[in-house]
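The values are calculated or read from the model by the stated rules, or taken from the named source; none is laboratory data. What you see is a predicted model, and the numbers here were worked out from it, not measured in a lab. Here the Cβ positions follow ideal geometry from the backbone for every residue, glycine too, while neighbour counts run over all protein chains shown.
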Amino acid sequence: MKRPRVLVAKPGLDGHDRGAKIVARALRDAGFEVIFTGIRQRVEAIVATALQEDVAVVGLSILSGAHVGLTTRVIEGLHKAGADDIAVVVGGTIPAADVPRLRAAGAAAVYPTGTPLEDILVGVRKLAMETPCASA
Amino acid sequence: MNDFAPPNDFAQTSSGLPLQPVYGPRDRQGAAEPPDPGRFPFTRGNYPAGYRGRLWTIRQYSGFGTAEESNRRYRYLLGQGGTGLSVALDLPTQCGYDSDDPEVSEEVGRVGVAIDTLADVEVLFDGIPLDRISTSFTINGTAAILLAFYVAAAERQKIPRNKLTGTIQNDILKEYASRGTWIWPPEPSLRLIADTIEFCAEQVPKFNAISVAGAHFRDAGASAVQEMAFTLADGVTYCDTVLARGRMTIEQFAPQVSFFFYTHGDFFEEIAKYRAGRRRWATIVKERYHATSDKAAMFRFGCVSGGASLYAPQARNNVIRVAYEAMASVLGGVQSMFTAAWDEPFALPSEESATLALRTQQILAYETGVARVADPLGGSYFVEALTDATEAGIAEIMADLDAHGGMVRAIEDGYLQGLIADEAYRAHRDIEDGTRPVVGVNRFTTDEPPPDIQAYELDPDGREGQLKRLARIKAERDSAAVRTALAELARAAEGTANLMDPLIDCARAYCTVGEMVTALKAVWGEFRQPAVF
């Protein structure tokens, strides 16, 4: 079976990539094929990479406070491209009050700072299994 | 794991330096006793009387807002007898985008002031005589542009350049590997930094053109020893760049260079880090650059106590962490310090928590007595042995970077980023599996829910005001003058002339930050980030 592919992406201008890199490496160690965009990626570029790399899950890492707007734009971009089957999860400095807002915007899961790596691995694995293109 | 067994990391420091149960005279056999404080190589500090001549500078939080709000706060601070201003810029300004760029609309004014043109700087310093204050800008990628704005704003106030005092961080190398506000590739960025250094030395002699920062490496995950080694390697790269141009001597340049770090919780390791860093830098300046004066070899540094060493669970424990870290910084001989507030991991510090952080330093300075005697730990068997081991570790990492082809190469191919990511991952796993004890996180935990994260709130009126001013300036400025100034900047960038004069001409013509950055991108291209993890 093909290894599930995950895109770890940092939209916006904040340069705090410590968390994104730790999660990317933990996913790789857990058997995922991980593509990391690096920091300061435009939303359009993230969407394009997700399609091009045929990923099952996009993980966004946002520590600038702009998580609701940026996540909404990524999900809209995937939707417009007909890629609703790609799950989007979000991590970073996210207040509890914003978790329902992100879920309402279409985020499949939200992992605020302090979430144990194991929880992220379990959650992403489940999403990857549910996504048709992961086993295509 | 709420047991009282000793932590299982007693045999090494958090950077992995091995530790014995006890130290004695035999552990420094053959090593020379470090000379008195104030004597080369400054292991024991820069000044013979330690802090008796002058305490360290106590710096605190600077806050956010629009140019108008910041101007009001500056006037208040100056009215209270303050003499130094600290300016935080928003991310679009730091990364070279204008406030009206749709890509960055969510970030305008979010973590600092938005600066698009000289008009914003005029508002920022309205009614503030620039010859009577010292201004510190946390700015890197666009540091030369902000310096041009500051010089042009002083011109409008009819203040001569040699009366201006302040600092720009202007340390691009660490941006590529950690903080992230890079724009152009390393080579032209280094040229621009050398331009600012030469310009300041000639025309703005009381302005510090660079502060080499290790703090961001640390925040990204580097260990204490790596932090110091990477920072000194950056310092060497800047010195090499400036000296290779042949327009300045090490004696003129080195006194302009200062350093900036994070102090975390491993008490003796941090003290040893600063003592070892001071000695290593002094040795490099003498041996590599053949400096003749001791002054050129002096390592001056500021620090933040807190940062990634603070945790959200049982957040009030951070008060204690910051206090120990601040004490380690002082025992290490710090020149200026910022103490983080205990709520920093999840909120903008409240006035109460920021005041408590300030009081932490004041109690340290005025009650504990640790500042009374220079380098009070000098001669301790353990501290001297750990200083030696730390210096050896720093030298080893610097030699490895050299062998790799130097700092620029290590940044371009992601080698440096990989080293930091390795260490960050290791530390994270060690905390998750309990190998590295953290009280309230993996030891002595309670059911107390962690505090909620408070997001930075954007002021939509502030952004609207900024966009209006930018639109007005664009409509009112002389567009022919703008085109000429930008063309001149691009032409100068193709050659080797100092770019500060063309940048100041652009500032005077009310060119925007984004326009200047774009003009230079056309000549230099953009940095391509290796996505290493």
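Assorted remarks:
- Yes/no for B:PHE253 being closer than 22 Å to B:THR390 by Cα and either in contact with a strand residue (DSSP E or B) (Cβ under 7 Å, 6 or more places away or on another chain) or hydrophobic (A, V, I, L, M, F, W, C) (or both): no
- Yes/no for B:GLY45 being under 24 Å from the mean Cα position of the chain (by Cα) and at pLDDT below 80: no
- Flag for B:ARG463 being of a type in the set (Lys, Arg) and assigned to a loop (DSSP other than H, G, I, E, B): no
- Summed over the range B:403-448, the residues that are within 12 Å of chain A (Cβ to nearest Cβ), in contact (Cβ under 8 Å) with a residue 12 or more places away in the chain and exposed (fewer than 14 other Cβ atoms within 10 Å of the Cβ) give a count of 0.
- Applying a threshold of 6 Å to beta carbon distances and a minimum spacing of six or more residues, or different chains, the list of pairs starting in the range B:206-220 at a residue that is within 14 Å of another protein chain (Cβ to nearest Cβ) and ending at one that is surrounded by fewer than 23 Cβ atoms within 10 Å (Cβ to Cβ) and part of a helix (DSSP H, G or I) reads B:ASP219/B:GLY307; B:ASP219/B:ALA308; B:ALA220/A:ARG18.
- Selection status of B:ARG279, under 18 Å from B:PRO37 (Cα atoms), touching a residue at least 12 places away in the same chain (Cβ under 8 Å) and out of contact with any Gly (no Cβ under 6 Å at 6 or more places or on another chain): yes
- Scope the range B:343-371; condition free of Cβ contacts under 8 Å to residues at least 60 places away in the same chain and small (Gly, Ala, Ser); matching residues: B:SER350, B:SER353, B:GLY369
- Just so you know, in the range B:128-179 the residues that are at pLDDT below 95 and among the small types (Gly, Ala, Ser) include one that is surrounded by the most Cβ atoms within 10 Å (Cβ to Cβ), and it is B:ALA177.
- Residue count, the range A:53-86 (criterion: touching a helix residue (DSSP H, G or I) at 6+ places or on another chain (Cβ under 7 Å) and either surrounded by fewer than 16 Cβ atoms within 10 Å (Cβ to Cβ) or closer than 18 Å to A:GLU130 by Cβ (or both)): 11
- Top-ranked residue in the range B:67-110 [being within 19 Å of B:PHE125 (Cβ to Cβ), assigned to a loop (DSSP other than H, G, I, E, B) and not small (Gly, Ala, Ser); ranked as nearest to the other protein chains (Cβ to nearest Cβ)]: B:ASP90
- Residue in the range A:87-102 that is crowded, with 19+ Cβ neighbours inside 10 Å, assigned to a helix (DSSP H, G or I) and touching a residue at least 24 places away in the same chain (Cβ under 8 Å) present: yes
- Residues of the range B:163-199 classified as assigned to a helix (DSSP H, G or I) and in contact with a Lys or Arg (Cβ under 7 Å, 6 or more places away or on another chain), total: 2
- Verdict on B:PHE346 being in contact with a Pro (Cβ under 9 Å, 6 or more places away or on another chain) and farther than 30 Å from B:PRO25 by Cα: yes
- Among the candidates B:ILE394, B:ILE363, residue that is of a type in the set (Val, Ile, Thr) and surrounded by fewer than 23 Cβ atoms within 10 Å (Cβ to Cβ): B:ILE363
- Checking each residue in the range A:112-124 for being within 12 Å of chain B (Cβ to nearest Cβ) and without any contact (Cβ under 8 Å) to a residue 60 or more places away in the chain picks out A:PRO112, A:GLY114, A:THR115, A:PRO116, A:GLU118, A:ASP119.
- Verdict on B:ILE193 being β-branched (Val, Ile, Thr) and under 28 Å from B:ALA308 (Cβ atoms): yes
- Test result for B:TYR61, among the aromatic types (Phe, Trp, Tyr) and modelled with pLDDT of 80 or more: no
- Looking across the range A:10-58, the residues that are under 28 Å from B:ILE431 (Cβ atoms) and more than 10 Å from chain B (Cβ to nearest Cβ) come down to A:ALA30, A:GLY31, A:PHE32, A:GLU33, A:VAL57, A:VAL58.
Conditions tested, residue by residue: (1) β-branched (Val, Ile, Thr); (2) more than 14 Å from every other protein chain (Cβ to nearest Cβ).
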| site | (1), (2) |
| --- | --- |
| B:PHE137 | no, yes |
| B:ILE145 | yes, yes |
| B:TYR150 | no, yes |
| B:LYS174 | no, no |
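- Taking the criterion of being farther than 22 Å from B:ASN170 by Cα, of a type in the set (Asp, Glu) and in a helix (DSSP H, G or I), the residues of the range B:241-294 that qualify are B:GLU269, B:GLU270, B:GLU287.
- Yes/no for A:ALA96 being more than 14 Å from every other protein chain (Cβ to nearest Cβ) and either farther than 18 Å from A:VAL8 by Cβ or within 13 Å of the chain's Cα centre (by Cα) (or both): no
- Those residues of the range B:496-533 which are of a type in the set (Ser, Thr, Tyr) and either within 14 Å of another protein chain (Cβ to nearest Cβ) or over 14 Å from B:THR142 (Cα atoms) (or both), in sequence order: B:THR496, B:TYR510
- Flag if B:PHE199 is over 30 Å from B:ASP400 (Cβ atoms), buried (at least 20 other Cβ atoms within 10 Å of the Cβ), in contact with a strand residue (DSSP E or B) (Cβ under 8 Å, 6 or more places away or on another chain) and not charged (D, E, K, R): no
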